[in-house]
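Q: Below you'll find the structure I mean.
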Amino acid sequence: MKKGWMKSYAYGFVAAVLALGTPSFGNAQSSVPVAIQIEHLHHCTGLLDQSNQLSEGDLAIKQMIDYKDGTLTFGSEEELKANMLRKVAALERENSTEDLEALKRILTTQLLKVDRDIDSECADTDRDKSDRSLRLDEIATLLTDLGQAEDAIPVLRRCMTLDADFAPCSASMGTAFQALGRKSEAILAFKRTIEIGAFNERNAKSIEFARQMLTILEREDEASKEVPVNEEAPPAQHAFGTGFFVSGDGEIITNNHVVAGCRNLTVQGGLPVQVINRDPSSDLALVKANLKPDHIAVFRSGPAPKVGDTVVIFGFPLPGILSSEGNASTGIISATTGLQNDIRFVQISAPVQPGNSGGPMFDTSGHVIGVVVSKLDAVRVAQITGDVPQNVNFAVHWSEIRALLDEQGVQYRKLPSQQPISTRAIAKVGADISVMLDCTQ
């Protein structure tokens, strides 16, 4: 879904510039020379012009597709039709293709890049949080249009955190979940959109869209109930991972790949678990069980761990083969970045197995400094190094975990690591806070 009213933030920016002059570069009095401010202003205005031009082209392509499909008519508006045809013809010549779907993808990709540049380089020119909310919504919508709905969800969560009363991002969240086949979460997002309230035009349009989508989804549910089942359903497939409690309210951190694609997610004893937040880019997920844990994790504060520091990991690898009580293993931090210096991960030497995914990584004080990622793309590493890696594993970086918990408002514990404890004591901490997650696919 591409919303035609999204670009209002660009016009608001231009109006603000005309009214106020050059940007102030923050709330404090700027010490940046006027010439640099003007250069920055010209740069941002140029990006906005590119974004508007690409948006117009993108809209023309979509109109052309709908026109050819017979779902769009211009009636007596011949001039609008002629403008659309001229714009599309120019884009076809410019990009050397008459394939409308390919052309649409090219423009959408270009528009996504420009909008991301605006967000990273020109946020200081925003008048208020609604400008950024609109931009984040557009970035997420473009990602969904490109088949990257998983990446759109964290963007939309940032938008909803920025302004909980901004209904477009909640509606776009429903669209993203729907694109991923996560119907129940889509329905909740659309219902949440309606609950926000139609106190301005943007919200009203989003609420109207959410109501339409809920009607469609409800009809699909009714239709599926009417279809007779003639064949036995295939047996459920189970995948297992590890998670650990981070709050007294039953919130659990694990890997995104542990919970992705789950029809049902439970902890030991079959207690259902609700997915609260997923961040595919850092392979993290926050889930919640309806229980009050006896023990929760303590995160390390103060100086960051360094290369060579000892680590202990805990998890439930190879369930049904290894111990159901959980396993602890030790190693060191081999590097404070992951593959190709990826700052979202750290490299560790501690051995991990399938099922360790999502388990805690401790320092020598028993404080959490990472989340284990057991799946290593050996093919990718082999392409880089020319050899299959041995004893090379990774964990999510401590800063990524803390950022997710802070964003979600989780009340977690943190203490400085001053007193080392025994490996046996750390293993006990791991056993106390960790749970096995059962994903029914």
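Q: Looking only at strands (runs of 3 or more DSSP E) that lie completely in the range 275-361, which have at least 2 residues being closer than 18 Å to Asp432 by Cα and under 28 Å from the mean Cα position of the chain (by Cα)? Write out each step before concluding.
A: On the way: elements: 284-289, 298-301, 310-315, 327-335, 345-348.
Ranges flagged: 284-289, 298-301, 310-315.
Q: On to the next question. Considering only the range 163-209, state which residues are surrounded by fewer than 15 Cβ atoms within 10 Å (Cβ to Cβ) and of a type in the set (Ser, Thr, Tyr).
A: Passing the criteria: only Ser184.
Q: Quick one: count up the residues across the range 401-430 that are in contact (Cβ under 8 Å) with a residue 60 or more places away in the chain, closer than 19 Å to Asp294 by Cα and not small (Gly, Ala, Ser).
A: Number of matching residues: 8.
Q: So, one more: Identify the residue in the range 382-412 that is more than 28 Å from the chain's Cα centre (by Cα) and within 19 Å of Ile332 (Cα to Cα) and, among all such residues, is modelled with the highest pLDDT.
A: Selected residue: Asn391.
Q: Next question, about the same structure. Just a yes or no: is a residue in the range 92-102 of a type in the set (A, V, I, L, M), closer than 20 Å to Ile65 by Cβ and touching a residue at least 60 places away in the same chain (Cβ under 8 Å)?
A: Kept after step one, since they are of a type in the set (A, V, I, L, M), are these residues of the range 92-102: 100, 102.
The next check asks that each one be closer than 20 Å to Ile65 by Cβ; those that pass are 100, 102.
If we keep only those that are touching a residue at least 60 places away in the same chain (Cβ under 8 Å) too, we end up with none.
Within the range 92-102, none of the residues are of a type in the set (A, V, I, L, M), closer than 20 Å to Ile65 by Cβ and touching a residue at least 60 places away in the same chain (Cβ under 8 Å).
Q: Shifting gears a bit: Given the residues Arg127, Arg116, Arg132, which is the only one that is touching a helix residue (DSSP H, G or I) at 6+ places or on another chain (Cβ under 7 Å) and in a loop (DSSP other than H, G, I, E, B)?
A: Values: Arg116 fails: in a loop (DSSP other than H, G, I, E, B); Arg132 fails: in a loop (DSSP other than H, G, I, E, B).
One residue alone meets the criteria, Arg127.
Q: Would you confirm whether any residue within the range 120-127 is buried (at least 17 other Cβ atoms within 10 Å of the Cβ) and touching a Ser or Thr at 6+ places or on another chain (Cβ under 8 Å)? Step through it out loud before you land on a result.
A: Taking the range 120-127 first, the residues buried (at least 17 other Cβ atoms within 10 Å of the Cβ) are 122, 125-126.
From what is left, the residues that are touching a Ser or Thr at 6+ places or on another chain (Cβ under 8 Å) are none.
Scanning the range 120-127 turns up no residue that is buried (at least 17 other Cβ atoms within 10 Å of the Cβ) and touching a Ser or Thr at 6+ places or on another chain (Cβ under 8 Å).
Q: Can I ask one more? List every residue pair whose Cβ atoms sit under 7 Å apart, with the two residues 6 or more apart in sequence or on different chains, where the first one lies in the range 60-88 and is surrounded by 11 or more Cβ atoms within 10 Å (Cβ to Cβ) and the second, anywhere, is modelled with pLDDT under 85 and in a loop (DSSP other than H, G, I, E, B).
A: Lys62/Lys2; Gln63/Leu72; Asp66/Leu72; Leu80/Phe74; Lys81/Phe74
Q: Run down Lys68, Lys62, Lys113 and say which single residue is modelled with pLDDT of 90 or more and basic (Lys, Arg). Write out each step before concluding.
A: Details: Lys68 fails: modelled with pLDDT of 90 or more; Lys62 fails: modelled with pLDDT of 90 or more.
Among Lys68, Lys62, Lys113, only Lys113 is modelled with pLDDT of 90 or more and basic (Lys, Arg).
Q: Restricting attention to the range 398-441, which residues are closer than 25 Å to Cys262 by Cα and assigned to a strand (DSSP E or B)?
A: Ser434, Val435, Met436, Leu437, Asp438, Cys439, Thr440
Q: Follow-up question, since we're still on this one. Can you give me the number of residues within the range 137-159 that are touching a Phe, Trp or Tyr at 6+ places or on another chain (Cβ under 9 Å) and of a type outside the set (Asp, Glu)?
A: Keep residues of the range 137-159 that are touching a Phe, Trp or Tyr at 6+ places or on another chain (Cβ under 9 Å), which gives 137-138, 149, 153, 159.
Right, trim to of a type outside the set (Asp, Glu) and you get 149, 153, 159.
Within the range 137-159, residues that are touching a Phe, Trp or Tyr at 6+ places or on another chain (Cβ under 9 Å) and of a type outside the set (Asp, Glu) number 3.
Q: Please state which one of Ala171, Ala198, Ala210, Ala189 is touching a Phe, Trp or Tyr at 6+ places or on another chain (Cβ under 8 Å), in contact (Cβ under 8 Å) with a residue 12 or more places away in the chain and farther than 24 Å from Asp58 by Cα.
A: Numbers: Ala171 fails: farther than 24 Å from Asp58 by Cα; Ala198 fails: touching a Phe, Trp or Tyr at 6+ places or on another chain (Cβ under 8 Å); Ala210 fails: farther than 24 Å from Asp58 by Cα.
Only one candidate qualifies: Ala189.
Q: Any residue in the range 293-312 that is under 16 Å from Val396 (Cα atoms) and in contact (Cβ under 8 Å) with a residue 60 or more places away in the chain sitting within a Cβ distance under 6 Å of a residue that is among the β-branched types (Val, Ile, Thr) and in a loop (DSSP other than H, G, I, E, B)? List the pairs, counting only those 6 or more apart or interchain.
A: Every condition considered, the pairs that remain are Ala297/Val246.
Q: Only one of these conditions is not met by Lys191: (1) in contact with a helix residue (DSSP H, G or I) (Cβ under 6 Å, 6 or more places away or on another chain); (2) within 17 Å of Val275 (Cβ to Cβ). Which number is it?
A: That leaves (1) as the condition not met.
Q: Next up: Based on what the data block shows, is Thr141 within 14 Å of the chain's Cα centre (by Cα) and either without any contact (Cβ under 8 Å) to a residue 12 or more places away in the chain or part of a helix (DSSP H, G or I) (or both)?
A: Considered against the rule, which asks whether it is within 14 Å of the chain's Cα centre (by Cα) and either without any contact (Cβ under 8 Å) to a residue 12 or more places away in the chain or part of a helix (DSSP H, G or I) (or both), Thr141 comes out as yes.
The values are calculated or read from the model by the stated rules, or taken from the named source; none is laboratory data. Keep in mind it's a predicted model, so treat the numbers as computed, not measured. Note: ideal-geometry Cβ built from the backbone for every residue, glycine included; neighbour counts use all protein chains shown.
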